[in-house]
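A quick write-up on the structure given underneath.
The values are calculated or read from the model by the stated rules, or taken from the named source; none is laboratory data. Please read all numbers here as calculations on a predicted model, not as lab measurements. Every residue, glycine among them, receives a Cβ derived from its backbone with ideal geometry; neighbour counts consider all protein chains shown. In case anyone asks, the SASA skips ligands and DNA or RNA and just uses the protein heavy atoms, side chains included. Shrake-Rupley method; radii C 1.70, N 1.55, O 1.52, S 1.80 Å.
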Amino acid sequence: MWKFEGQEHIYKLIQNSMVKTRINHAYLLLGPEHIGKTTLSLEITKFLHCIDEIKPCQNCDQCVRINETNHPDIVLVGNTISEIREIQEKVSLSPFLSNSKTFIIHNGESLTIEASNALLKILEEPPNNVTFIISATDEQYLPSTIASRCQKLELYPLSTERIYDYLIQHFDISNDEGKEEAKLISKLSKGRLGWAITAYTDTNFLQTRNHDISLFDQIINGDMSERFLLSQQLSNNFNKNKDNIYTTLETWLSYLRDIMLLQTNSHELIINIDYEKKLIELGNKFELSTIIESIKV
Ligand SMILES: [Zn+2]
């Protein structure tokens, strides 16, 4: 049984390929960050190696070893040229415990040109009984020569309701406060289950997000000197931790988007549902162009 929520179209495709004994030698998983590409690549790997009739069984030696990242025929490969060259060495060796080998490459978009060229050479003449599972946020970030040699498997965002139901069941949430939080996080996740799970389990998540929103308010309501001071702080933080700044910008963009949606009376589509009143106030107080200009400064 697939231990993965959603993306049934991908299971069906892989299962059908197995029935027709047409397992591709390379798959390319495509989807935004935190949508579940890493988890799905492991589920596909289990499916390919599982020895039970109903695959992936999650219990056979193959499945258990893959779950424990303790399978000699499954190789998680990095993005550097030296790591890709390692594949060249390992690819022709016979598998130890399985009938085939699987090489998994995450963040395909981070492959250097040299590494991409080395990988392409391997994909051009794929050895028997070897499968590659490469994941990337977008096909356009990979050389077309690599993408064209893979079967593309696109992961789609899940519905807000499905993410909410998953959080409620998976974390056994029964109290009203927990349900409210799950509702908010499922809206904010934009269909990315991995993101929702990380946000729900990160005890600082809501605090950080609320802080980012208060910064947004300070910028909109502040004068030029206050905005300048804040932009300097953000710039300093950017040098220390880029990921945090990207998270802040993502929160601000979602906030801006919600203001626009409220101005067009699309209340049901906003994601920052706990700030609806404040968003309406901001929309009434400022023209959208003024808000965008403030952020640009
Ligand atoms: Zn199994």
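A few comments on the model shown:
- Within a Gaussian network of the chain (alpha carbon springs, distance under 10 Å), most fluctuating of Lys190, Lys20, Lys179: Lys20
- Given their separation in residues at 0.36 nm each and the Cα-Cα distance between them, Thr198 and Ile168 gain 9.4 nm when the chain is fully extended.
- Shape call, the range 244-295: gyration tensor on alpha carbons, a/c limit 1.5: oblate
- Accessible area in the full protein assembly, largest first, 1.4 Å probe, for Met260, Met1, Met224: Met1, Met224, Met260
- Estimated D of the range 125-202 in µm² per second, where Rh is the Kirkwood radius over Cα pairs and Stokes-Einstein applies at 10 °C, 1.306 mPa s: 106
- Solvent exposure of the chain as accessible area per residue, Å², 1.4 Å probe: 56
- In order along the range 281-288, phi translates into HN-Hα couplings of 4, 4, x, 6, 7, 10, 6, 4 Hz, rounded to whole numbers, per the Karplus curve 6.51 cos²θ - 1.76 cosθ + 1.60 with θ = phi - 60° and x for Gly and Pro.
- For Ile133, nonlocal amide neighbours, meaning residues 5 or more places apart or on other chains whose placed amide H falls under 5 Å from its own, are Tyr27, Phe103, Ile104, Ile105.
- Fraction of accessible area attributable to carbon and sulfur, the chain (%, probe 1.4 Å): 50
- The range 203-297 shape via C-alpha gyration tensor axes, a/c threshold 1.5: oblate
- Reported to the nearest whole Å, the Cα centre-to-centre distance from the range 130-192 to the range 23-96 is 19.
- Pairs from Lys183/Lys242; Lys55/Lys101; Lys12/Lys46; Lys187/Lys277; Lys3/Lys55; Lys46/Lys190 whose Cα-Cα separation, in the structure shown, is over 19 Å: Lys183/Lys242; Lys46/Lys190
- Over all pairs of different C-alpha atoms, the range 8-154 has a mean inverse distance whose reciprocal, the Kirkwood radius, equals 15.4 Å.
- Rule-of-thumb Rg ratio for the chain [Cα; 2.2 N^0.38 Å; N residues]: 1.19
- Relative packing of peptides 241-250, 137-146 - highest average C-beta neighbours within 10 Å first: 137-146, 241-250
- R0 of 41 Å, Cβ-Cβ distance Lys240-Lys20: FRET efficiency to nearest 0.05: 0.20
- Accessible heavy-atom area order of Glu287, Glu8, highest first, probe of 1.4 Å: Glu287, Glu8
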